[in-house]
Every structure is written in C-alpha cells, then in structure tokens.
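The values are calculated or read from the model by the stated rules, or taken from the named source; none is laboratory data. Here the structure is a predicted model, which is why all the values come from computation and not from measurement. Cβ atoms come from the backbone with ideal geometry, glycine included; neighbour counts cover every protein chain shown.
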Amino acid sequence: MRKTSRTASISRQTRETRITLDLCLDGGDYDNKTGVGFFDHMLDHVARHGRLGLKVSAAGDTHIDDHHTVEDVGIVLGQAIDKALGDKKGIERYGFASVPMDEALARVSIDLSGRAALIFDVRIDGFDQRGAKIGGFDVQLVREFLNAVVQSGKFNCHVEVPHGDNLHHVAEAIFKALGRALRQAVAVTGDEGPSTKGVL
C-alpha cells in the first residue's frame, strides 16, 4: 500500500474572489478563513470529521453577498480532492456516513467515480428556501457549495436529510457527514484500482 502523503495546493483568482487552499487527504491541521463565519465553521467540520489537513484562505465580494466566495471555495476544494487522489489506486472509492445532530439526521453517500452527480434530498421546512438564513448565512449556499465540490471533484454525492427542525443542526449534520464519508472513501486499503475497468 502507498505510503506517500496525498496533497494538493491550489490558488484561484477571479474578479470576484481570491482563494488559496492546501489539502492533505492523510491528515493534518485545519485553518479556514473565508470571511464567512458560519462557512468557516462548516469547513472545520469537514476537516475534523474527515481527518483531513485543510487550510483555506479566501477574500471575496462579501459586501454583495457570500455566494461567490462559498461557491468558489467549493470549486477549489473539489479540484484539490481530485488532484490529491492522483490515480486513485488502492482507495476504498465509496463512502457513507449517517450523522445525527440533536433532532436532525443527515446521510451522505459518495462514489469517487470520476463522474459528477449531486442528489440533494433535503425536505426540511425552511431549508434551501429563498431567503432562509442561519444567522447571516444564506441556507441555499449549502447546496451551491456541494454542487461546486462535486462538479470539480468529479464524484457522486447523495445527500439525504429525512428529518430535522433547526436549520443550523441540519447544515452541521450534512457537513459532518460529508467529512466522514470522504474519510472512508479516500482511505487506502489496497494496491489496485477500485474498478473492474482498471481505471476511474
């Protein structure tokens, strides 16, 4: 089994955001500063529960809103996951986590298949609705972030929340479950490609 650390460092600059991100799939410290407090808290959960080394520094046009910053961090994180995975030899490929957060429950299933698909089945009153907020954070950005990660990371991600009342609890359960599912999927447990095709 491979012993080398799987890392990626990516910078991205547009007229709307400037982002640098360092990722290590095999662990390390995390330090996330995007200018969006609740989002930093969620990224910390992904890193902590995914046992990932993750450092994000972002500056964006948050005087307009948080959309560009959150979406662009998702793009860069997805690119970093894809790059750090390399040829994917020996990885588990699939990951699943079911995470309760008080009254909320989130289930996340992923397949690091090289194909992008997001299924977001969160049927909670007020969640993902226009104008819904967690503090000052637009709840719709949870889906936007996940879609950006999945499209750039080239993997399947199914998110299901069968019940929950508190929007903060629902969002936190989703991000924790994402981290735990990623931890399982990126784990190196063999030497061969995780596909009958021989390559993903």
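Structural remarks
- Among the residues of segment 123-157, those identified as touching a strand residue (DSSP E or B) at 6+ places or on another chain (Cβ under 7 Å) and either within 16 Å of residue 40 (Cα to Cα) or not in a loop (DSSP other than H, G, I, E, B) (or both) are 139, 143, 146, 147, 150, 156, 157.
- Test for residue 111: is it more than 12 Å from the chain's Cα centre (by Cα), among the charged types (D, E, K, R), within 20 Å of residue 67 (Cα to Cα) and crowded, with 17+ Cβ neighbours inside 10 Å: no
Residues checked against (1) within 16 Å of residue 142 (Cα to Cα); (2) at pLDDT 95 or above; (3) of a type in the set (Ser, Thr, Tyr):
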| residue | (1), (2), (3) |
| --- | --- |
| 20 | no, yes, yes |
| 29 | no, yes, no |
| 53 | no, yes, no |
| 56 | no, yes, no |
| 70 | yes, yes, no |
| 82 | no, yes, no |
| 100 | no, yes, no |
| 104 | yes, yes, no |
| 113 | no, yes, yes |
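- Test: residue in segment 88-102 that is over 14 Å from residue 185 (Cα atoms) and acidic (Asp, Glu): yes
- Evaluating residue 42 against the criteria (1) surrounded by fewer than 21 Cβ atoms within 10 Å (Cβ to Cβ); (2) under 14 Å from the mean Cα position of the chain (by Cα); (3) not hydroxyl-bearing (Ser, Thr, Tyr) leaves one unmet condition, (1).
- Selection within segment 85-122 - closer than 23 Å to residue 5 by Cβ and part of a strand (DSSP E or B): 91, 94, 95, 110
- Here 142, 150, 122 are screened, and the one residue that is over 25 Å from residue 62 (Cα atoms) and either of a type in the set (A, V, I, L, M, F, W, C) or buried (at least 19 other Cβ atoms within 10 Å of the Cβ) (or both) is 122.
- Restricting segment 117-157 to residues that are closer than 19 Å to residue 50 by Cβ and of a type in the set (Gly, Ala, Ser) leaves a set whose member that is farthest from the chain's Cα centre (by Cα) is 152.
- Residues of segment 160-196 that are among the β-branched types (Val, Ile, Thr), assigned to a loop (DSSP other than H, G, I, E, B) and either without any contact (Cβ under 8 Å) to a residue 40 or more places away in the chain or buried (at least 23 other Cβ atoms within 10 Å of the Cβ) (or both): 196 alone.
- Against the numbered list (1) of a type in the set (A, V, I, L, M, F, W, C); (2) closer than 17 Å to residue 32 by Cβ; (3) free of Cβ contacts under 8 Å to residues at least 24 places away in the same chain, residue 64 comes up short only at (2).
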